[in-house]
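The values are calculated or read from the model by the stated rules, or taken from the named source; none is laboratory data. Model, not experiment: these values are computed from the prediction. Cβ sites come from the backbone with ideal geometry, for glycine too, and all protein chains shown count toward neighbours. The protein model used for the area step is the full one, side chains on, heavy atoms only, and it has no ligands, DNA or RNA in it. Shrake-Rupley method; radii C 1.70, N 1.55, O 1.52, S 1.80 Å.
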Amino acid sequence: MTNPEAHPPTPLPVLYSFRRCPYAMRARLALRMAGQAVEHREIELKHKPAAMLQASPKGTVPVLVLSDGAVLEQSLDIMRWALERRDPEAWLPTDEASRQDAWALIAQNDGDFKFHLDRYKYPHRYELADGFEHRAQAAEFLEALALRLTASAYLSGPRFSITDAAIAPFVRQFAHTDKAWFANQNWPALAQWLAAFEASAAFAQVMEKHPVWPGVTEGLAPDR
């Protein structure tokens, strides 16, 4: 008879996360879709765990430490890792043209849009009197998304995909910065898309609250 102690179970990957961080949010969405169980370690941005900083000195979330000790430090890498293992609803694009379109749109989100979003949401952090100019710059990207969503239900076609999961948390952050202003924009398709995302079971599950993991040390960098 085999001794079960001779074959201890493989430890779960460890996910360091922060509930409201849009980067961590999209990583959790992909892990959920893939059915990938993890040991969730919720952190405080001002008091980051020594174990996380040892695994990823950059000090930002999300960080996924795999069972073999490999470390994934970028949210998109975590999303791809999870969905390449299991992708039951075909979130990943299947042809080259779709891949290029998806990655280009996500790159725009993570680049220019996030740059302006940060300065709109946190103007004083960047020594700005207000964030209105950056709101206008960020809105150009949202106009492009709204146009896409008049042609199809989701950003990359008729089904929710990695493109939607990667971008929606950032659009949500923009919309929540000034809800009244966002509601007054002529973006009905975009508003409907965002509302459906926020009303989804997936969003509710990945936004469940976790107690802060107790291993903490002094914070270093803002979330990313």
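Quick rundown of the values:
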quantity: W181/R99 FRET efficiency (R0 30 Å; Cβ-Cβ; nearest 0.05); calculated: 0.30
quantity: Cα gyration tensor shape for the chain, rounded if a/c is under 1.5, else prolate or oblate; calculated: oblate
quantity: Angle in degrees between helix 75-85 and the longest Cα principal axis of the chain, rounded to the nearest 10; calculated: 60 degrees
quantity: Förster-model FRET efficiency, 25 Å R0, V212 and A70, C-beta, rounded to 0.05; calculated: 0.50
quantity: Linear extension gain, L128 paired with A189, 0.36 nm per residue minus alpha-carbon span; calculated: 18.8 nm
quantity: Semi-axes of the equivalent ellipsoid for the range 63-169, Cα gyration tensor, largest first, Å; calculated: 28, 21, 9
quantity: Gyration tensor (alpha-carbon) shape descriptor, the range 22-73, a/c threshold 1.5; calculated: oblate
quantity: Carbon and sulfur %, accessible surface of the range 78-224 computed with the full protein complex present, 1.4 Å; calculated: 51 percent
quantity: Area accessible to solvent at R125, 1.4 Å probe radius, in Å²; calculated: 140 Å²
quantity: R159 versus Q54: modelled label distance in nm, points set 7 Å from Cα along the beta carbon direction; calculated: 4.2 nm
quantity: For the range 92-99, Karplus couplings with θ = phi - 60° (6.51, -1.76, 1.60), whole Hz, Gly/Pro x; calculated: 6, x, 10, 10, 5, 4, 5, 4
quantity: Surface accessible to a 1.4 Å probe, per residue, for the residues of the chain, Å²; calculated: 53 Å²
quantity: Cα gyration tensor shape of the range 12-126, rounded if a/c is under 1.5, else prolate or oblate by comparing a/b with b/c; calculated: oblate
quantity: Over the chain: helical MRE at 222 nm, DSSP H runs n ≥ 4 each giving -39500 (n - 2.57), nearest 500; calculated: -14500 deg cm²/dmol
quantity: C-alpha long axis of helix 22-34 to longest principal axis of the chain, angle in °; calculated: 60 degrees
